[in-house]
Amino acid sequence: MLKLREVVILNKYVEEIIEKVKKENPGETEFHNTVKEVLTSIAPVLDKNPKYQEAALLERLVEPERTIMFRVPWTDDKGKVHVNKGYRVQFNSAIGPYKGGLRLHPSVNLSIIKFLGFEQVFKNSLTTLPIGGGKGGSNFDPKGKSDAEIMRFCQSFMTELYRHIGQDVDVPAGDIGVGGREIGYLFGQYKRLKNAYEAGVLTGKGLTYGGSLARTEATGYGLLYFTSLYLADNGMDYKDKTVVISGSGNVATYAIEKAQEFGAKVVACSDSNGYVYDPEGIDLKLVKEIKEVRRGRIKEYAEKKPSAKYTEGCKGIWTIPCDIALPCATQQELDLESAKTLVANGVKLVGEGANMPCTLEAIAYIQENKVLFAPAKAANAGGVATSALEMAQNSMRYSWTFEEVDSKLKRIMSDIYNASKNAAKEYGHEGDLLVGCNIAGFLKVANAMMAQGIV
Ligand code: GLU
């Protein structure tokens, strides 16, 4: 089987575009990395189909259709004025309105938003639903802010954003730092500015005003549905497996819930300060109480549970021996060194719940050592897929039951798994879901772009 690095050398067009992206977008390392990952995987498709190069398809694909950057001024509770940077990158609308979350985190910059937006294009294509790709956010840090400060920030952010979005134009949702509370404030301000109840303009809404049942659970549940299909194909399952899940936000919480339901023992989780190791198994009720109800820190878990140990810093979580590792915290959290430790400890599957949590070197090492690797675009697509189901319900002015949404989610994850597996096989990379999901995601977008002419 060809390794990704070798594929680059084989396809001149791909090599040219990667160089062009680096030259024209200096310093945007995260964006460069994701472009490299996707384009190297789709090289076999380009080899077979010169029509894409003739139509300058890759040149168009790597350039966002529109990039919006704006000022977000807000006042804190003491009356002091602050200014943050706001972003919305509308990457690709070939198969539907731009769709993707908003991230509020001090690390947010144009490179991060472009990397997330680019990933979203292929992820959304894989969901089988009609959604294009986009992403937005701000370098605002929600940590330690009062409810009133969060509300004023969200209102200010929407006061600019509202003119660029709409239920048929661009549909933002949550991501790191943006959950139900923030979506509520953003929706309230949008409605006020537009004087219209356009429920489908945002997803991840509360259940009383147009949200979908199972949306909160969807990314974590979807990750577990996807990885259990992958395990089953390889004669394994979650039962009695030791699992390490990084993070303790929305994705991690519901990944833990489903993993426990599948009979696994989850022994660790984390937040941006450190991680807890609980050999007795994570008490999810306690995690939810700390993170969802009190918006506290994971450190408090070890203060309440004597069997648990808290360690400052996040990287150490991957030194805990486990059968299955699910990075669900943030990008580039699992590097080559961590991958080596996991492999040495006998890990059988690494599944990406966060967006691009493994570095390219870590992925290469995991795959070279025959450990199953479930790539983010496919494995965490359940969240955005259920957002598209929320949009569908909003259009119908109707809502499905939890079971109805959950069963659609299961079917979608299984379709994504099969599409990735089959595409990998068809293009000579059998068993490599990373190559497979990139190819399957690419083909739908590329063919829609070809059909729509040079736009
Ligand atoms: N932020 C999530 C993602 O990375 C969800 C986006 C959405 O629901 O639009 O896919």
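What the table below lists for this structure:
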{"read-out": "Separation between Cα centres of the stretch 142-170 and the stretch 390-455, rounded to whole Å", "value": "29"}
{"read-out": "Loop-resident sites, the stretch 271-342, for chymotrypsin sites (Phe, Trp or Tyr not before Pro), counting at most 12 other Cβ within 10 Å (DSSP)", "value": "none"}
{"read-out": "Partner aspartates and glutamates for K22 [C-alpha distance under 14 Å; skip if fewer than 8 residues away on the same chain]", "value": "E30, E37, E59, E63"}
{"read-out": "Cut-off 11 Å between beta-carbons: net charge of the residues surrounding A446, Lys and Arg +1, Asp and Glu -1", "value": "+3"}
{"read-out": "Cα centroid separation - the stretch 328-353 against the stretch 52-83, whole Å", "value": "31"}
{"read-out": "Value of Rg to Rh for the stretch 311-357 (Rh from inverse mean 1/r over Cα pairs, i.e. Kirkwood)", "value": "0.92"}
{"read-out": "Tail beyond 14 Å, pair distance distribution of the stretch 100-160 (Cα, percent)", "value": "61"}
{"read-out": "Taking the stretch 313-455 and dividing mean pair separation by its residue count, relative contact order in percent (alpha carbons under 8 Å, at least six apart)", "value": "17"}
{"read-out": "Share of pairwise Cα separations in the stretch 251-296, more than 17 Å, in percent", "value": "28"}
{"read-out": "Listed residue pairs exceeding 29 Å between alpha carbons, taken from K36/K241; K36/K258; K20/K444; K299/K340", "value": "K36/K241; K36/K258"}
{"read-out": "The chain - Rg over Rh from alpha carbon coordinates, Kirkwood radius", "value": "0.95"}
{"read-out": "Computed over the chain: relative contact order in percent, which uses C-alpha pairs under 8 Å that are six or more apart", "value": "15"}
{"read-out": "Mean projected area (nm²) of the alpha-carbon convex hull when the stretch 397-455 is viewed from all directions", "value": "6.2"}
{"read-out": "Residue order, fewest to most beta carbons within 10 Å, for D323, D170", "value": "D323, D170"}
{"read-out": "Residues whose placed amide H lies under 5 Å from that of G100, excluding near-sequence neighbours", "value": "G134, V171, A173"}
{"read-out": "Beta bridges per DSSP with both ends in the chain, % antiparallel, nearest 5", "value": "55"}
{"read-out": "Over 24 Å (Cα to Cα) - which of K265/K285; K99/K410; K99/K288; K123/K143; K239/K410 fall in this group", "value": "K99/K288; K123/K143"}
{"read-out": "Cα centroid of the stretch 19-51 to Cα centroid of the stretch 184-220, whole Å", "value": "35"}
{"read-out": "Dipole in debye (nearest 20) - the chain, about Cα centre, beta carbon charges: Lys, Arg +1; Asp, Glu -1", "value": "920"}
{"read-out": "Filtered trypsin sites (Lys or Arg not before Pro), the stretch 43-115: DSSP coil and at most 14 other beta carbons within 10 Å", "value": "K78, K80"}
{"read-out": "Relative contact order computed over the stretch 155-306 (Cα-Cα under 8 Å; 6+ residues apart), in percent", "value": "15"}
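None of the figures in this text is laboratory data; all of them are computed from the coordinates on show. Given the structure is predicted, the values throughout are model-derived calculations rather than measurements. Glycine also receives a Cβ, built like all others from the backbone with ideal geometry; neighbour counts cover every protein chain displayed.
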